[in-house]
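The values are calculated or read from the model by the stated rules, or taken from the named source; none is laboratory data. Note that the structure is predicted; figures quoted are calculated from it, not measured. Every residue, glycine as well, gets a Cβ built from its backbone with ideal geometry; the counts of neighbours run over all protein chains shown.
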Amino acid sequence: METILIVDDERNTLRMLSQGLQLRGYNALTAASGETALVQCAKTNVDLVLLDIRMENGMDGVQTLVKLRQQHPALNVVMMSAQRDIETAVKTMELGAKRYITKPISIDKILASVEPFLEISRLSQENEVLKSKIGPEDEMVGESPAMLNLRSQIRRVATSELTVLITGENGSGKQLVAEAIHAQSARAKKPFIPLNCAAMPDELVENELFGHERGAYTGADERRQGRFELANGGTLFLDEIADMSLRAQAKVLRVLESGEVERLGGHQIRKVDVRILAATNKDLPTEIENERFRLDLFYRLNVIPIVVPPLRERLEDIPLLVKYFAARLRLNMGTSAAKVLDPEVYAVLRAYDWPGNIRELKNIVERLMIMVNRSIVLPADVEEVLALTPQSQSVQETAAVYAEPYQPDTPLSTMVDAAEAACIQQALDEHDWNIRQTAEVLGVERSNLYKKMKKYNIERPNDVL
């Protein structure tokens, strides 16, 4: 409950405002003079002061404002006056008052003036709570049945030493799940070492996993430990493991079976005590069927499977997630990123499909907090930002393509090929011809994308490096 101090030498005004604010759920204090107000603020945590400018006994409102700002620089002060004095209003604002309102004053008028500042005060208090919440288990935000079930699985899995395979869509929080498992396990004080297998060329994955001896290859000027050694005693998280080459998969399998690693260019066998957590956004049985993933490695990894639900399956968590991401941003940037969300904003967010899941929601929230140029975020602001997402644009463009009438004299296969070629060309252009990103967006393997590019004679433009 926020505390509002009302400072006025008119007792009727004090009584009317204090009763009205208390009925609205606020803790209302009163002071009949500036001196009394200073004493109240010194002994009580006050969130906002309503301060009358003209008081006959002792200090006037301007003098009281100066003293309050000196003693409590962060205190929100709203000035009240029966006079419409622009010069005085400007002066008080320059001295640090947040707003200047004129009498007669109703409770609704007061609340309309002070609510934004009280909200910022609430946000600042939330920041202090967040500063103590730095573990990944604290970031598992949500109270939906899907999230409650996920947290329950994490707690059960964390107590074991078994290998875990985490599956879920891009941006759904697979690494966060892995971090939470590690943080709640007996290995929590030991290293948590992640490796994104899709973020580097195949030839570098083995080097990252196993390290190398000096002279192992050209440029290997000094000895280097791999991720298995760095994670010794702790947890190694292999993200997007389905993108690992079959050769590297075989080596990982040997480590899982033997608990031993050998650096590239070396001959010494080293024992490692590492728990493996792996994650992928792909359907591994399909990858196995297409001979892109080893069946024996799948059995080794899939001892305990965990499926991370996509955001569209837990839309009821969106308000909590939005508040969490907004609070984390304020923690980093201060009150410059503080915004109040219109309640209708959540309806707009729940109506969206969220192909990028939690990661996309986080980006949208941060964009709104930074780019909206007022203290409140409206539904129109959200709609404008969502309209700029690749999914929204591609849906509109695809609808435009298929809205055209078909050609009666053209075979269906030709029309389908033309549409597929246009789709691939557009996706390549939008992602600056990054093959990995384009394949991911289109939901195909890179090798398959290359085949289709060759089939449709799609070539890289000369101006794309």
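Scan ALA231, ALA178, ALA198 and give me the residue that is crowded, with 19+ Cβ neighbours inside 10 Å and in contact (Cβ under 8 Å) with a residue 60 or more places away in the chain. Being crowded, with 19+ Cβ neighbours inside 10 Å and in contact (Cβ under 8 Å) with a residue 60 or more places away in the chain holds for just one of ALA231, ALA178, ALA198, which is ALA178.
Evaluate the following for VAL114: is it closer than 26 Å to LYS339 by Cα and out of contact with any His (no Cβ under 7 Å at 6 or more places or on another chain)? So VAL114 passes the test. Restricting attention to region 143-183, which residues are in contact with a Leu (Cβ under 6 Å, 6 or more places away or on another chain) and either at pLDDT below 95 or outside any helix (DSSP H, G or I) (or both)? Result: THR163, VAL164, LEU165.
The single condition among (1) buried (at least 19 other Cβ atoms within 10 Å of the Cβ); (2) of a type in the set (Ser, Thr, Tyr); (3) assigned to a helix (DSSP H, G or I) that THR36 does not meet is (1). Entry remark, region 261-301: residues being over 28 Å from the mean Cα position of the chain (by Cα), within 21 Å of LEU209 (Cα to Cα) and either outside any helix (DSSP H, G or I) or in contact (Cβ under 8 Å) with a residue 12 or more places away in the chain (or both) number 22 in total.
In this structure, does VAL395 turn out to be modelled with pLDDT of 80 or more and surrounded by 12 or more Cβ atoms within 10 Å (Cβ to Cβ)? No.
Evaluation of ILE288 against the conditions (1) at pLDDT below 95; (2) surrounded by 15 or more Cβ atoms within 10 Å (Cβ to Cβ) shows that the sole unmet condition is (1).
Check whether at least one residue in region 327-336 is free of Cβ contacts under 8 Å to residues at least 40 places away in the same chain, buried (at least 17 other Cβ atoms within 10 Å of the Cβ) and either over 24 Å from GLY173 (Cα atoms) or not assigned by TED's automatic domain parsing to the domain that holds LEU176 (or both), and report yes or no.
So far as region 327-336 goes, no, none of its residues is free of Cβ contacts under 8 Å to residues at least 40 places away in the same chain, buried (at least 17 other Cβ atoms within 10 Å of the Cβ) and either over 24 Å from GLY173 (Cα atoms) or not assigned by TED's automatic domain parsing to the domain that holds LEU176 (or both).
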